[in-house]
Amino acid sequence: MQAVDRRQFLKIAGLGGVVFASGLARGAEPYGAAQDEFFFVQLSDTHWGFQGAPNPDAAGTLPKAIAAVNALEPQPDFIVFTGDLTHTTDDPAERRRRLAQFRDLLAGLKTRQIRLMPGEHDASLDNGEAYREFFGPTHYSFDHKGVHFIALDNVSDPKGAIGDAQLGWLKSDLATQKADARIVVLTHRPLFPLYPQWDWATKDRELALEALMPRRNVTVFYGHIHQEHHFKTAHIEHHAARSLIFPQPAPGSTPKRAPVAWDPAQPYRGLGFRRIEAEPAEYKLTEFPLVGKA
Amino acid sequence: MRRRAFLLVPFLIGTAWAQPEPRVIAIRARKFEFSPGELELKLGEPVVLELTTDDVHMGFDAPELNLHADILPGRVARVPFTPRKPGSFEFVCDVFCGSGHEDMGGVIKVIA
């Protein structure tokens with residue numbers, strides 16, 4: 001495992017964000033006629049229903065992010081939400097109410113192609129039952145302009161495992177792809193042991209990585225840790241997105257895992273979303289911090 | 001006399017080979033804390049952690065010490081352990097148990 005070199009970041013004037021160039025493996029074929037450049041947007045950890053001091057504008061943050069995504073020009077081909085759509089509750093009726101409210105908020109997005117997956121807050125207390133009622137399967141794959149996307153569920157099991165059945169499905173799905181296919185994995189928890197002391201890992205990660213490792217062009221986008229983070233396991237890059245509720249401290253940087261305190265002088269600090277441009281030989285990541293008055 | 005000496009042999013052998021009884025440390029898990037949340041252990045002292053839960057299925061995970069247990073309601077999870085390195089080692093609940101799960105952790109301090 002290796003950390004991604006921060007020097008690969010390039011400041012791009014005028015975009016208001018930071019671009020990260022995520023290269024594909026050497027020898028990766030450019031798109032060619034069958035592959036078009038496109039971009040999609042990743043939002044994560046919206047925790048709809050959260051109430052607490054770490055975000056006194058919890059009900060206003062997601063609408064603000066939706067407005068910011070709607071302001072992008074041009075609009076993305078699609079939008080992904082990498083889990084923890086809602087904040088957990090022990091009450092099954094309240095869980096469904098939050099999922100319904102989240103679904104209704106998504107109706108305000110201009111881009112209508114939306115891909116969702118659960119986080120542990122959505123799915124761990126009922127093994128994904130309520131989530132599936134609203135949004136369908138918790139793992140699936142789809143193709144877009146020459147890239148094969150795989151949504152992996154590592155949260156419906158409250159222990160944070162993918163499980164044998166889904167791993168079998170993953171292997172079958174990968175078998176349909178050419179050896180040099182461009183593959184993007186979307187998931188909630190990190191697929192590598194980022195910081196297991198804070199439960200920032202997936203239990204059966206080795207089995208998932210073992211299945212993915214022979215593939216030359218795999219990139220993982222995930223959430224869960226409420227901060228931007230970039231890492232490599234061999235040739236596979238892993239990119240964590242910011243949250244849209246509250247930021248978390250850097251792994252192991254504080255005695256306890258706890259939200260970073262809200263700063264009234266800099267509301268929404270550490271929150272945001274990202275644009276991911278799929279270019280012929282790399283993904284360009286542009287971070288969009290959430291800004292404005294609370 | 002010979003008979004008495006014969007009877008003493010297994011006792012002496014048993015005494016010579018006896019290991020100190022491990023110290024038993026009870027840890028209660030409940031939403032959303034471990035009690036106690038901080039353990040102080042001596043380097044090389046064998047202990048047994050006895051973990052119980054007051055409410056739902058919980059987990060105990062101290063990855064740096066390679067210790068793990070599922071804590072199921074109505075059962076005692078026993079984790080034998082002899083600390084071999086000094087330092088502070090975090091543990092967490094690694095079975096999602098509700099809003100507050102992220103706060104549920106503690107530390108094992110091993111004193112040389």
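Being more than 14 Å from chain B (Cβ to nearest Cβ) and within 21 Å of A:Thr187 (Cβ to Cβ) narrows it down to one residue among A:His121, A:His148; which is it?
A:His148
If you go through the stretch B:64-73, how many residues are in contact with a His (Cβ under 9 Å, 6 or more places away or on another chain) and more than 10 Å from every other protein chain (Cβ to nearest Cβ)? Before you say what the answer is, go through the steps one by one.
Let us first name the residues in the stretch B:64-73 that are in contact with a His (Cβ under 9 Å, 6 or more places away or on another chain), namely B:70-73.
Then keep just the ones that are more than 10 Å from every other protein chain (Cβ to nearest Cβ); that gives B:71-73.
Looking only at that region, the number is 3.
Could you figure out which of (1) among the aliphatic types (A, V, I, L, M); (2) more than 14 Å from chain B (Cβ to nearest Cβ); (3) within 28 Å of A:Gly60 (Cα to Cα); (4) in contact with a Phe, Trp or Tyr (Cβ under 9 Å, 6 or more places away or on another chain) isn't true of A:Ala265?
Against the list (1) among the aliphatic types (A, V, I, L, M); (2) more than 14 Å from chain B (Cβ to nearest Cβ); (3) within 28 Å of A:Gly60 (Cα to Cα); (4) in contact with a Phe, Trp or Tyr (Cβ under 9 Å, 6 or more places away or on another chain), A:Ala265 comes up short only on (4).
Would you please list the contacts, defined by Cβ atoms under 7 Å and residues six or more apart or on different chains, that run from a residue in the stretch A:167-180 that is of a type in the set (S, T, N, Q) to a residue that is surrounded by 10 or more Cβ atoms within 10 Å (Cβ to Cβ)?
Note: pairs meeting the criteria are A:Gln177/A:His148; A:Gln177/A:Ile183.
Could you tell me whether the stretch A:157-170 includes any residue that is surrounded by 23 or more Cβ atoms within 10 Å (Cβ to Cβ), under 30 Å from A:Pro267 (Cβ atoms), within 14 Å of chain B (Cβ to nearest Cβ) and under 19 Å from the mean Cα position of the chain (by Cα)?
So far as the stretch A:157-170 goes, no, none of its residues is surrounded by 23 or more Cβ atoms within 10 Å (Cβ to Cβ), under 30 Å from A:Pro267 (Cβ atoms), within 14 Å of chain B (Cβ to nearest Cβ) and under 19 Å from the mean Cα position of the chain (by Cα).
Scan the stretch A:156-186 for residues that are of a type in the set (Asp, Glu) and over 27 Å from A:Tyr283 (Cβ atoms) and jot them down. If you could, list the steps in order and put the result at the bottom.
Narrowing the stretch A:156-186 to residues of a type in the set (Asp, Glu): A:157, A:164, A:173, A:180.
Result: A:Asp157, A:Asp164.
Kindly provide the set of residues from the stretch A:171-191 that are more than 14 Å from chain B (Cβ to nearest Cβ), crowded, with 22+ Cβ neighbours inside 10 Å and among the charged types (D, E, K, R), ordered by number.
A:Arg182
Taking the conditions exactly as written (more than 20 Å from B:Met104 (Cβ to Cβ) and at pLDDT 95 or above), does A:Gln227 satisfy them or not?
yes
Which residues, counting only those in the stretch A:171-208, are closer than 30 Å to B:Gly100 by Cα and not in a loop (DSSP other than H, G, I, E, B)?
A:Val185, A:Leu186, A:Tyr195, A:Pro196, A:Gln197, A:Trp198, A:Trp200, A:Arg205, A:Glu206, A:Leu207, A:Ala208, listed by residue number.
For the stretch A:68-106, enumerate the residues that are out of contact with any helix residue (DSSP H, G or I) (no Cβ under 9 Å at 6 or more places or on another chain), away from chain B (no Cβ under 14 Å) and assigned to a loop (DSSP other than H, G, I, E, B).
The answer is A:Ala71, A:Leu72, A:Glu73, A:Pro74, A:Asp77.
Being modelled with pLDDT under 95, more than 14 Å from chain A (Cβ to nearest Cβ) and outside any loop (DSSP other than H, G, I, E, B) is the requirement here; does B:Leu12 meet it? Before the answer, list the steps.
Numbers: modelled with pLDDT under 95: yes; more than 14 Å from chain A (Cβ to nearest Cβ): yes; outside any loop (DSSP other than H, G, I, E, B): yes.
The answer is yes for B:Leu12.
Based on what the data block shows, is B:Val76 over 21 Å from B:Pro20 (Cα atoms) and within 11 Å of chain A (Cβ to nearest Cβ)?
Working: over 21 Å from B:Pro20 (Cα atoms): yes; within 11 Å of chain A (Cβ to nearest Cβ): no.
When the stated conditions are applied, B:Val76 does not pass them.
With the condition kept exactly as written, say whether any residue in the stretch B:83-90 is in a loop (DSSP other than H, G, I, E, B), basic (Lys, Arg) and within 14 Å of chain A (Cβ to nearest Cβ). First the steps, then the outcome.
Initially, the stretch B:83-90 is screened for residues in a loop (DSSP other than H, G, I, E, B), giving B:83-86.
Pick out the ones that are also basic (Lys, Arg) and you get B:84-85.
After this cut, where a residue has to be within 14 Å of chain A (Cβ to nearest Cβ) as well, the list is none.
Looking for residues that are in a loop (DSSP other than H, G, I, E, B), basic (Lys, Arg) and within 14 Å of chain A (Cβ to nearest Cβ), one finds none in the stretch B:83-90, hence no.
Picking from A:Phe273, A:Phe231, A:Phe246, which residue would you name as being surrounded by 22 or more Cβ atoms within 10 Å (Cβ to Cβ), more than 14 Å from every other protein chain (Cβ to nearest Cβ), at negative phi and of a type outside the set (Lys, Arg)?
Working: A:Phe231 fails: surrounded by 22 or more Cβ atoms within 10 Å (Cβ to Cβ); A:Phe246 fails: more than 14 Å from every other protein chain (Cβ to nearest Cβ).
On inspection, the qualifying residue turns out to be A:Phe273.
Taking interchain pairs and intrachain pairs at least six residues apart, which have beta carbon atoms under 8 angstrom, with the first residue in the stretch A:46-59 and assigned to a loop (DSSP other than H, G, I, E, B) and the second at pLDDT below 95 and not aromatic (Phe, Trp, Tyr)?
A:Pro56/A:Ala294; A:Asp57/A:Ala294
With the requirement that a residue be part of a strand (DSSP E or B) and without any contact (Cβ under 8 Å) to a residue 60 or more places away in the chain, what does the stretch B:91-112 give you?
Matches in the stretch B:91-112: B:Phe91, B:Val92.
Residue under question is A:Pro92, and the condition is that it be buried (at least 18 other Cβ atoms within 10 Å of the Cβ), in contact (Cβ under 8 Å) with a residue 12 or more places away in the chain and more than 26 Å from A:Glu37 (Cα to Cα); does it hold?
Here the answer is no, as A:Pro92 does not meet what is asked.
Restricting to the stretch B:64-91, count the residues that are of a type in the set (Gly, Ala, Ser) and over 29 Å from A:Ser156 (Cβ atoms). Reasoning before the result, please.
As a first pass, look at the stretch B:64-91 and keep what is of a type in the set (Gly, Ala, Ser): B:69, B:74, B:77, B:87-88.
From the residues that got through so far, the ones that are over 29 Å from A:Ser156 (Cβ atoms) too are B:87-88.
The total comes to 2.
Given (1) within 14 Å of chain B (Cβ to nearest Cβ); (2) in contact with a Leu (Cβ under 6 Å, 6 or more places away or on another chain), identify the lone condition not met by A:Phe135.
It is condition (1) that A:Phe135 fails.
Determine which member of the set B:Asp94, B:Asp61 is within 13 Å of the chain's Cα centre (by Cα), within 19 Å of A:Val155 (Cα to Cα), crowded, with 21+ Cβ neighbours inside 10 Å and within 14 Å of chain A (Cβ to nearest Cβ).
Going through B:Asp94, B:Asp61 in turn, the sole match is B:Asp61.
Here is a check on your reading of the model: is A:Leu109 buried (at least 18 other Cβ atoms within 10 Å of the Cβ), away from chain B (no Cβ under 14 Å) and either touching a Gly at 6+ places or on another chain (Cβ under 7 Å) or under 22 Å from A:Trp200 (Cα atoms) (or both)?
No.
Of all residues being aliphatic (A, V, I, L, M) and within 21 Å of A:Gly160 (Cβ to Cβ) in the stretch A:230-259, which is modelled with the lowest pLDDT? Just the residue, please.
Among those that are aliphatic (A, V, I, L, M) and within 21 Å of A:Gly160 (Cβ to Cβ), it is A:Ala258.
The values are calculated or read from the model by the stated rules, or taken from the named source; none is laboratory data. For clarity, every value in this text was computed on a predicted model and none was experimentally measured. Because the Cβ atoms are built from the backbone with ideal geometry, glycine has one as well, and the counts that use them run over all protein chains shown.
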